[in-house]
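Reviewing the structure listed below.
The values are calculated or read from the model by the stated rules, or taken from the named source; none is laboratory data. It should be emphasised that the depicted structure is a prediction, and the values quoted were computed from it without experimental measurement. We place every Cβ from the backbone using ideal geometry, glycine too, and count neighbours over all the protein chains shown.
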């Protein structure tokens, strides 16, 4: 491979817009229920409406935005029932993925997890919500991928995508960031000991803490 061939190609306009929109949603700049103002965003990103529309279609497929006839695109807003259902399904799928992953996980895989956790902690210390969300996702998906069940992992990713807009709400609280770090550290220790059921139980509690915090934000909206 030549030096030219080895260089990373610059993103297309659609890829650039997709990344920026995902960043705006994940960090909470665009919050659940907010309208996507296409003209303003096209001007901000210095692109035409075409790559913006294509990016929005991709995000719609991921469950991050929704289209309303005659009104346009909005950041997806989950009801309490929707949120709870997502987490019930996650409990079922992720529990199975973890059980299969624990006994397959190698020392090299544990090293990758430890690096992801170091990135989680660095982002938390800097209060960088986006970086923490990305590192946290890498930590968990690394575990799931060791299950050796790629279709199952794809289903789990789709469920994670549907709640990305709420992750910034959780990580914006310092106590929540500290809880995530503590629970990840214990998870790593249990994985090193290959204590399957303890890992499954801890990660179930880990999800429970997240959904409880997000519910507290959604509940006033649902009762309005």
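A few notes on this one:
- Taking region 1-19 as the range and being modelled with pLDDT under 90 and under 20 Å from residue 168 (Cα atoms) as the test, only 19 passes.
- Filter pass, residue 178 being exposed (fewer than 14 other Cβ atoms within 10 Å of the Cβ), over 18 Å from residue 95 (Cα atoms) and out of contact with any helix residue (DSSP H, G or I) (no Cβ under 8 Å at 6 or more places or on another chain): no
- Matching residues in region 59-91 - criterion: being under 15 Å from residue 14 (Cα atoms) and either surrounded by 17 or more Cβ atoms within 10 Å (Cβ to Cβ) or in contact (Cβ under 8 Å) with a residue 60 or more places away in the chain (or both): 59
- Here the condition is being out of contact with any strand residue (DSSP E or B) (no Cβ under 7 Å at 6 or more places or on another chain), surrounded by 14 or more Cβ atoms within 10 Å (Cβ to Cβ) and more than 16 Å from residue 138 (Cα to Cα); of 205, 212, 198, it holds for 198 alone.
- The lone exception for residue 147 - which of (1) buried (at least 16 other Cβ atoms within 10 Å of the Cβ); (2) in a helix (DSSP H, G or I) it fails: (2)
- Qualifying residue in region 96-113 (condition: under 24 Å from residue 217 (Cα atoms), in contact with a helix residue (DSSP H, G or I) (Cβ under 6 Å, 6 or more places away or on another chain) and in a helix (DSSP H, G or I)): no
- Options 154, 137; residue that is under 24 Å from residue 36 (Cβ atoms) and without any contact (Cβ under 8 Å) to a residue 24 or more places away in the chain: 137
- The set of residues in region 121-130 being modelled with pLDDT of 90 or more, part of a helix (DSSP H, G or I) and surrounded by fewer than 20 Cβ atoms within 10 Å (Cβ to Cβ) consists of 121, 122, 125.
- Of the residues contained in region 157-167, one or more are found to be at pLDDT below 95, assigned by TED's automatic domain parsing to the domain that holds residue 113, in contact with a strand residue (DSSP E or B) (Cβ under 7 Å, 6 or more places away or on another chain) and in a helix (DSSP H, G or I).
- Residue check, residue 183 farther than 18 Å from residue 83 by Cβ, touching a helix residue (DSSP H, G or I) at 6+ places or on another chain (Cβ under 6 Å) and surrounded by fewer than 19 Cβ atoms within 10 Å (Cβ to Cβ): yes
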